[in-house]
Amino acid sequence: MHTRKRQRKNASAMKLVGSLVALFREVAGLTQSQLAERACVHTETIASVEQGRRLLKPDLAVLLDQVLLTKGALATAVENMPEIDRYPVWAAAFIDQEREAIAISSYQNQVMPGLLQTENYAHAVFRNEVPTLSEDEMRMRVAGRIERQEILHRKVPPTCSFLISEGVLKDRLGSLNVFREQLRHVRESADLPGLTLQVMPFGRATHAGLSGPFVLLETPDHQHLAYAETQRGSLFVEDPDEVSILARKYAMLRTQALNPEDTKGLLDRLLGE
């Protein structure tokens, strides 16, 4: 009950800040596209912030205050927002480590890795939760997922390896349009610096990942960690022996999957179809 109250409060705070951005933009006589151009961000970023679907980050708030001549109003509003519950409690430790990781290896066989999901695909994922999430809860979860992806676009991004089952690529989660958008996004992501994408194809006689998906992390001080989610919780692994077992599984999976070039070819063919 308390968690749901916090989530409603957090969603209201996001909507309030978004409404302020929209108000100040309109007073300045700017369209969303014009403001996005002056702030050097995508138009969709401004639209999502104004609609309360995306958190206004402190650095962007400062920049918008400068563009809109609002004398620090947005930065002050962001600074005084309540702490946002963007993730389930059991995932919080993993998210903290992911944010600082220098290397990430992720095997997924049910859905696209969170770091590669589009906003619409993420919304479709959370819409399938049982029991059903409220619109405010879904909005918060999607905002948190999209925020996580900023690590892929840092000046020095982490080294990332993603292994995805072919079935995930062909699953029309959400709708056909959501699927097409997601497929294009994954293909574009495959060309990001430091990112390797491989697909585990149908029809294999051997498969090292039958026990389910998992993620491997390497911290800045070179500690190796692992993470796996269950239906109603998670397993955060720090024991070196257990992490080693998962690392060996991942190494085997990489040899069984399509290589990165063949993976891009598969994606190109799917997009062509």
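The values are calculated or read from the model by the stated rules, or taken from the named source; none is laboratory data. These numbers come from a predicted model, not from an experiment. Counting neighbours? That spans all protein chains shown, and the Cβs are built from the backbone with ideal geometry, glycine included.
Structure summary
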{"quantity": "Residue satisfying all of: in the range 185-203; small (Gly, Ala, Ser) and in contact with a strand residue (DSSP E or B) (Cβ under 7 Å, 6 or more places away or on another chain); farthest from Glu119 (Cα to Cα) among these", "calculated": "Gly194"}
{"quantity": "Residue match in the range 17-33 (condition: more than 19 Å from Asp136 (Cα to Cα) and either at pLDDT below 90 or within 19 Å of the chain's Cα centre (by Cα) (or both))", "calculated": "no"}
{"quantity": "Given (1) more than 22 Å from the chain's Cα centre (by Cα); (2) buried (at least 17 other Cβ atoms within 10 Å of the Cβ); (3) not small (Gly, Ala, Ser), number of the condition Leu60 does not satisfy", "calculated": "(1)"}
{"quantity": "Those residues of the range 237-253 which are touching a Leu at 6+ places or on another chain (Cβ under 7 Å) and either within 20 Å of Val111 (Cα to Cα) or assigned to a helix (DSSP H, G or I) (or both), in sequence order", "calculated": "Val243, Leu246, Ala247, Tyr250, Leu253"}
{"quantity": "Every pair of residues 6+ apart whose Cβ atoms lie under 6 Å, when the first sits in the range 161-178 and is in the same structural domain as Ile151 (by TED's automatic domain parsing) while the second is exposed (fewer than 12 other Cβ atoms within 10 Å of the Cβ) and part of a loop (DSSP other than H, G, I, E, B)", "calculated": "Glu166/Phe202"}
{"quantity": "Whichever residue in the range 80-114 is in contact with a Phe, Trp or Tyr (Cβ under 8 Å, 6 or more places away or on another chain), modelled with pLDDT of 75 or more and of a type in the set (A, V, I, L, M) and, among such residues, is surrounded by the fewest Cβ atoms within 10 Å (Cβ to Cβ)", "calculated": "Ile95"}
